[in-house]
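Note sheet for the following structure.
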Amino acid sequence: MTAALLNELRAIAGDAHVLTDPDLRASYETDWTRRYQGRALCVVRPGSTEEVSRVVRACAAAGAAVVPQGGNTGLVGGSVPRGREVVLSLRRLATIGDFDTVSGEVTAGAGVTLSSLQQHIREGGWAFGVDLASRDSATIGGMVATNAGGIRVIRYGAMRRQVLGFEAVLADGGIVRRMPGLVKDNTGYDLGQLLAGSEGTLAILTAVRVRLVPQLERRTVALLGVRELAGALEVVAAVRGELPSLEAAEAFFPEGVELVCRHAGIGLPFATHPGCYVLVECAGRRDESAELAEVLGGCAAVENSAMASDAAGRARLWAYRERHTEAINAEGIPHKLDVTLPLARLAEFEARVRGTIAAAVAGARPILFGHAGDGNLHVNILGLDPDDDRADDAVFRLVAELGGSISAEHGVGIAKLPWIGLTRSAEDLAAMRAIKKALDPRGMLNPGVIFPLE
Ligand code: FAD
Ligand code: MLT
Ligand code: ZN
C-alpha cells in the first residue's frame, strides 16, 4: 500500500516533490521549538490546488492521514507528523493573484509568506493588518489555519478578521471556492470563518482573499519602564483612550530582556531594569509623537522612557520585544504556554504564575512577555523536560481559575489538547466534534490535533 501511494503521489506532484529521504524530510518533521517531532510517511509538495485535491483523494483512498504544513513556525506541535502521516506542504502555492487596489483586497496562495505579501502590497500603498516576528516563514494559509494574532491585534484584529474569501480542499478531495470580492455575502454558513483557527483539522486551505489596510508611514514607538504589570496596563488604557492610532501595546520583563540582550549582543534599554517594560506604537498619516509624549507624561506609572520615530530607532526599541522568541529558543527547548486572561485579571495572573510554576517544578525558569493590550501573555518555561507537563498543568489551571483561556493565538495543536476541557464546556466540545465528524468523517486531516485520536 505504501509503495503504491508513494507512486501515485509522485505521479501527481512529480518525483522531486515527494520527499522520502530522511535528510530531506527532517526540517518538516521537527517543529520550530524542537519540542515536537515525529516521522512522516513522506512529504508531498503539490504545485496547484488541483494537485492538492488529487493528493488528498489518493491519501483518502489509501487510508493515509494528512498533516497540512505551511511555514512550520507553529508553536503548538500541530504542523509536524506524529505517526507516519503524509505531510502535505503548501509552500509551493506561493502565487499572489488578483490585487484590487481600489477596495484594498488581494488573493494569496496558501504558501505565500507574510513578508512576501507585505512587500507585494507595499508599492500600492497598502499594508496587512496582521504582523508577526515569524513573517519571513509563516504562510498566509498557516496564519488563517491558526487564526494568528501578533502585534497589531489591538487595532486590526487577528487573522480571522482579514479573511474575505477562501479556497480549500475538503477531506474527500472536493474543492470549495468562495472568492467573491464582495464586502457583504450572507449566503448560508460562513465556512471561511469556520476554517480560521481550525488548525488543518477541517480542510486544507489553498488560497485566501484578504483585506488590506492603509500603509501608515508616520510611526512612533515608546519603550517605557513601569514598576509592575498593573502600571503597564494603566499606560495602555491611557494611550488607547486618547490615541486611536495605537497599533501595538506589548509588555515584557527583566528576565526576558536580560536574555535578549545576551543573545543579541545589545545593551540594556535603561540604566537599571524597571519591574516591567511596556512598548507602545502609534501609526498614522502624520507624526503623533508630541501627542503620545503628552499622554505618557500624564501617566504616573511611567518611570523610564525612550521614544523613536525614525525607522532605525523604532527597530532598536522593538528588538527588545521581538527577539524574545529566538533568544528563549537559543537558551533551550521551551514549553510555550500562550494564554489569555480578562484584562482585569491579567496583573493578578502575572503576580501568581511564577510561584505556581516554582511550586509545580523546582528549578523551572519562567520568562513572560506578550500582547498586553489583548490580555495575552506568553508564559515560556525553560528547564523542563519536553514531556514533563506538571508546570503546564499548573499554569493552565490557574488560567481557568481566573476566567481565561488556554489558547490566545497559537491554537491547541497537540500541546494543549489534554487541557481543552478546562476552558470549553462538554456541550461546546460536542458541537466542535460534530463539525469535525461532518467535514472529516474518517478523521484523516491532522488527527490528534485539537481532539485526541479516536
Ligand atoms: P504551520 O506552522 O506550518 O502550521 C500551523 C498549523 O496550521 C498546523 O496545525 C497546520 O496543520 C495548519 N496549516 C498550515 N497550513 C495550512 C493550510 N494551508 N491549510 C490548513 N491547515 C494548515 N503566532 C501568533 O499568533 N502571533 C505571533 O506574534 C507569533 N509570533 C511568532 C514569532 C516567531 C519567531 C515564531 C517562530 C512563531 C510565531 N508565531 C506567532 C507562531 C506562528 O508563526 C503562527 O502560528 C503562524 O500562523 C503559523 O504559520 P505557518 O505557515 O508556519 O503554519
Ligand atoms: C510573540 O508574540 O512573539 C509570539 O507569539 C511568539 C512567541 O510566543 O514566542
Ligand atoms: Zn504572540
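The values are calculated or read from the model by the stated rules, or taken from the named source; none is laboratory data. Remember, it's a predicted structure, so these values are computed and weren't measured experimentally. With ideal geometry, Cβ positions are generated from the backbone for all residues, glycine too; neighbour counts draw on all protein chains shown.
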* Within the range 426-442, is even one residue under 20 Å from residue 149 (Cβ atoms), in a loop (DSSP other than H, G, I, E, B) and touching a helix residue (DSSP H, G or I) at 6+ places or on another chain (Cβ under 9 Å)? -> no
* Is it fair to say residue 415 is within 13 Å of ligand 1 (Cβ to nearest atom), within 24 Å of residue 248 (Cα to Cα) and either outside any strand (DSSP E or B) or among the hydrophobic types (A, V, I, L, M, F, W, C) (or both)? -> no
* Take the residues in the range 112-156 that are outside any helix (DSSP H, G or I) and of a type in the set (S, T, N, Q), then tell me which one is surrounded by the fewest Cβ atoms within 10 Å (Cβ to Cβ). => 137
* Asked: Can you name every residue in the range 237-286 that is without any contact (Cβ under 8 Å) to a residue 60 or more places away in the chain, under 19 Å from residue 380 (Cα atoms) and out of contact with any helix residue (DSSP H, G or I) (no Cβ under 6 Å at 6 or more places or on another chain)?
  -> 254, 258, 261, 275, 277
* Residue match in the range 25-39 (condition: in contact with a Leu (Cβ under 6 Å, 6 or more places away or on another chain) and not basic (Lys, Arg)) -> no
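Suppose we filter 147, 186 for residues that are of a type in the set (S, T, N, Q) and either farther than 23 Å from residue 107 by Cα or under 14 Å from the mean Cα position of the chain (by Cα) (or both); which single one remains? Outline the logic, then answer.
On the way: 186 fails: either farther than 23 Å from residue 107 by Cα or under 14 Å from the mean Cα position of the chain (by Cα) (or both).
Exactly one residue qualifies, and that residue is 147.
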* To do: Among the residues of the range 380-394, write down those that are touching a Phe, Trp or Tyr at 6+ places or on another chain (Cβ under 9 Å) and not in a loop (DSSP other than H, G, I, E, B).
  => 380, 392, 393
* Taking helices (runs of 4 or more DSSP H) that do not extend beyond the range 190-292, which have at least 3 residues that are more than 30 Å from residue 90 (Cβ to Cβ)? -> 229-242, 254-264
* Complete set of residues in the range 90-133 that are within 16 Å of ligand 1 (Cβ to nearest atom), free of Cβ contacts under 8 Å to residues at least 40 places away in the same chain and β-branched (Val, Ile, Thr) -> 95, 96, 112, 130
* Looking only at residues in the range 352-403 that are touching a residue at least 60 places away in the same chain (Cβ under 8 Å), more than 18 Å from the chain's Cα centre (by Cα) and farther than 18 Å from residue 259 by Cβ, which one is nearest to ligand 3 (Cβ to nearest atom)? -> 399
* Flag for residue 220 being at negative phi, crowded, with 22+ Cβ neighbours inside 10 Å and touching a Cys at 6+ places or on another chain (Cβ under 8 Å) -> yes
* Scan the range 69-111 for residues that are small (Gly, Ala, Ser), assigned to a loop (DSSP other than H, G, I, E, B) and crowded, with 23+ Cβ neighbours inside 10 Å and jot them down. => 70, 71, 74, 77, 78, 79, 110, 111
* To do: Filter the range 36-86 down to the residues that are at negative phi and polar (S, T, N, Q), then identify the one that is nearest to ligand 3 (Cβ to nearest atom).
  => 73
* Asked: Looking at 312, 232, which is the one that is surrounded by fewer than 17 Cβ atoms within 10 Å (Cβ to Cβ) and of a type in the set (A, V, I, L, M, F, W, C)?
  -> 312
* To do: Inspect the range 414-427 for any residue being buried (at least 16 other Cβ atoms within 10 Å of the Cβ), modelled with pLDDT of 95 or more and acidic (Asp, Glu) and give the result as yes or no.
  => no
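Name the residue, out of 212, 205, 246, that is touching a Cys at 6+ places or on another chain (Cβ under 8 Å), under 29 Å from residue 107 (Cα atoms) and away from ligand 3 (no atom under 16 Å from the Cβ).
Details: 212 fails: touching a Cys at 6+ places or on another chain (Cβ under 8 Å); 205 fails: touching a Cys at 6+ places or on another chain (Cβ under 8 Å).
Within the list 212, 205, 246, the selection yields 246.
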* Filter result (surrounded by fewer than 23 Cβ atoms within 10 Å (Cβ to Cβ) and among the hydrophobic types (A, V, I, L, M, F, W, C)) within the range 369-390 -> 382, 384
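Is it true that residue 292 is in contact with a Cys (Cβ under 6 Å, 6 or more places away or on another chain) and buried (at least 21 other Cβ atoms within 10 Å of the Cβ)?
Numbers: in contact with a Cys (Cβ under 6 Å, 6 or more places away or on another chain): yes; buried (at least 21 other Cβ atoms within 10 Å of the Cβ): yes.
Yes: the conditions hold for residue 292.
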* Structure fact -> Looking across the range 99-124 at residues that are at pLDDT 95 or above and of a type in the set (Val, Ile, Thr), the single one that is nearest to the chain's Cα centre (by Cα) is 113
* Structure fact -> Picking from 140, 154, 96, the residue that is under 15 Å from residue 207 (Cα atoms) and either within 16 Å of ligand 2 (Cβ to nearest atom) or within 15 Å of the chain's Cα centre (by Cα) (or both) would be 140
* Do you know which of the residues in the range 160-181 that are more than 15 Å from residue 111 (Cα to Cα), free of Cβ contacts under 8 Å to residues at least 40 places away in the same chain and not basic (Lys, Arg) is surrounded by the fewest Cβ atoms within 10 Å (Cβ to Cβ)? -> 180
* Among the helices (runs of 4 or more DSSP H) confined wholly to the range 301-365, which include 1 or more residues that are away from ligand 2 (no atom under 16 Å from the Cβ) and within 23 Å of residue 419 (Cβ to Cβ)? -> 343-360
* Asked: Among the residues of the range 272-288, is any at pLDDT 95 or above, surrounded by fewer than 17 Cβ atoms within 10 Å (Cβ to Cβ) and closer than 30 Å to residue 98 by Cα?
  -> yes
